[in-house]
Amino acid sequence: MAVLANQRINAQRLWDSLGEMAMIGPGVAGGCNRQTLTDADSAGRHLFARWCAEAGMSMGVDTMGNMFATRAGTHPDALPVYMGSHLDTQPTGGRYDGVLGVLGALEVVRSMNDLGIKTRRPIVVTNWTNEEGARFAPAMLASGVFAGIHTQDYAYGRRDLDGKSFGEELARIGWVGDEAVGSRKMHAMLELHIEQGPILEAEGKTIGVVTHGQGLWWLEITLTGKDAHTGSTPMTMRVNAGLGMARITERVHQIAMAHQPNAVGAVGQVKVYPNSRNVIPGKVVFTVDIRSPEQGKLDLMRGEVERAAYAVAAELGLGCSIEPVGHFDPVTFDPDLVNVVRGAAERLGHAHMDIISGAGHDACWTNRVAPTVMIMCPCVGGLSHNEAEEISPEWAAAGTDVLLHACLEVAEVVG
Ligand code: HGY
Ligand code: MN
Ligand code: MN
């Protein structure tokens, strides 16, 4: 059976599955709080596993908890085509970040079953553990171990704000698999994801053909000053780590603005000690997130941020240490797969444009070990990492139809 232009996924079934998954680890404002390795994450994994079993797939899990659901091909020895993303969310996350990529891939398999389509290559639907890096830094941790970027020991030792380790929590929720992480070989990896930015919607495009991904540094800065009374300590005697954090946060913004276009910077996580209303903070630990699609600019910004941090610390008499806790260079996705995605969008009649991913994704790491590409759909107002994240059912269906057609082409339809 040839890949027929009129083949479509079941848009209602996809939308219903997205809605059902969103009920697991619900947020307080309509989004999701299904943080990695929590009981909610485990419940979402069990639901996903049940759906995969119902679709006739066999499940494998590796020692990082990465889940791999396989639909057999006619040639079991052929390298599989992987499709997937992540089910974990930010603490105030949306319903679609990552989830669309996992459940869209599941819908592709469900539709192939309905249409009686066979492929030469096996197809594997994947849920990567801890893409967000919100609870355990860095982001894309498990796909990073899979791609040989991090060791498993490093990953198992990462700790959350309560001091719990990744390894302990993965074991606690019962999702340590028996496959050696990274032992799987891929023919290709396709990731469907919402854009998480405003470009596609503003340009009136339904599909983003992702040619590149911007690079990132996460720099964890620790400033040490002196706890003291906020009332009785003269201003000239203060060694205020909180003031240092504020000044460095402002400098990060100025550095990103100085490198426009194609540069971003912010501080998202701040831990203040002792975090008491009437104590001058003696210690602050915060993470700088800077990004650019241009390697030179990214490296320049890192140097400028580090110099600014040490200068501010010196001005205020603070101790200062800086530890990189996340990094990947700008990514160029596989040009042949990019052409496959663009061709599928074209055949399906969807308005599309080439785009650079502003966010990091597991695809950025699988791209190191196998030909990889991403497909994006718009999100309302470009909003993401916010419970109000929203997409339309039509956008979800369009992205998943492109995923279906790209997958069928790469996995080689037979019969
Ligand atoms: O940080 C990112 O870009 C991704 O959402 N983990
Ligand atoms: Mn994501
Ligand atoms: Mn995210």
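Bear in mind that the values in this text are calculations on the coordinates, not laboratory data. Predicted model only: the values in this text are computed from it and were never measured. In this analysis, Cβ positions are derived from the backbone assuming ideal geometry, glycine residues included, and neighbour counts consider all displayed protein chains.
Tabulated data
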item: Sequence-distant aspartates and glutamates (8 or more away, or on other chains) whose Cα lies within less than 18 Å of Lys185; result: Asp62, Asp77, Asp334, Asp362, Glu412
item: Net charge dipole size for region 202-358 [Lys, Arg +1 and Asp, Glu -1 on Cβ; Debye, nearest 20]; result: 660 debye
item: Alpha carbon Rg of region 37-101, scaled by the compact-globule rule 2.2 N^0.38 Å; result: 1.24
item: The chain - mean residue ellipticity at 222 nm from DSSP helices (-39,500 (n - 2.57) per run, n ≥ 4, rounded to 500); result: -11000 deg cm²/dmol
item: Proxy reagent accessibility, fewest Cβ within 10 Å first, across Val264, Val331; result: Val264, Val331
item: Charge dipole (the chain, unit charges on Cβ, about Cα centre) - positive-most of Gly157, Ala137, Thr222; result: Thr222
item: In region 130-230, the trypsin sites (Lys or Arg not before Pro) that fall in loop regions by DSSP, at most 14 other Cβ within 10 Å; result: Lys185
item: Rounded tilt (10° steps) of 241-258 against the dominant C-alpha axis of the chain; result: 50 degrees
item: Shape category assigned to region 200-346 from the gyration tensor of Cα positions, a/c cut at 1.5; result: prolate
item: Sorted largest first, extent of region 64-203 alpha carbons per principal axis (Å); result: 49, 43, 25
item: Taking His150, His75 and counting other C-beta atoms within 10 Å, the order from fewest to most; result: His75, His150
item: Extreme residue, positive dipole direction of the chain, given options Gly25, Gly399, Tyr82 (C-beta unit charges); result: Gly25
item: Cα-based radius of gyration of region 292-415 once divided by 2.2 N^0.38 Å, which approximates compact folds; result: 1.46
item: Per-residue Cβ neighbour rank within 10 angstrom, fewest leading, His229, His86, His405; result: His229, His405, His86
item: Antiparallel content of DSSP bridges confined to the chain, in %, to 5; result: 70 percent
item: Inverse mean reciprocal Cα-Cα distance (Kirkwood Rh) of the chain, Å; result: 22.2 Å
item: In region 1-51, trypsin sites (Lys or Arg not before Pro) in a DSSP loop with at most 16 other beta-carbon atoms within 10 Å; result: Arg8
item: 30 Å Cα-Cα reach of Lys271 towards lysines, excluding residues that sit fewer than 8 places from it in its own chain; result: Lys164, Lys226, Lys283, Lys297
item: Gyration tensor verdict on region 329-386 (Cα atoms; rounded if a/c is under 1.5, prolate if a/b is larger than b/c, oblate otherwise); result: oblate
item: Volume per residue that the Cα convex hull of region 120-236 spans, once the total is divided by residue count, Å³; result: 229 Å³
item: Net charge, Ala142 excluded, C-beta distance under 9 Å - Lys, Arg +1, Asp, Glu -1; result: -3
item: Cβ-placed point charges (K, R +1; D, E -1), dipole of the chain about Cα centre in debye, nearest 20; result: 500 debye
item: Rel. contact order, % - alpha carbon contacts under 8 angstrom, at least six apart, the chain; result: 24 percent
item: Length-normalised contact order for region 55-197 - Cα pairs under 8 Å, 6+ apart - percent; result: 35 percent
item: Within-13-Å neighbourhood charge of Ala263 [Cβ basis; K, R +1; D, E -1]; result: -1
item: Relative contact order (percent, whole number), region 3-82, Cα cutoff 8 Å, 6+ residue spacing; result: 14 percent
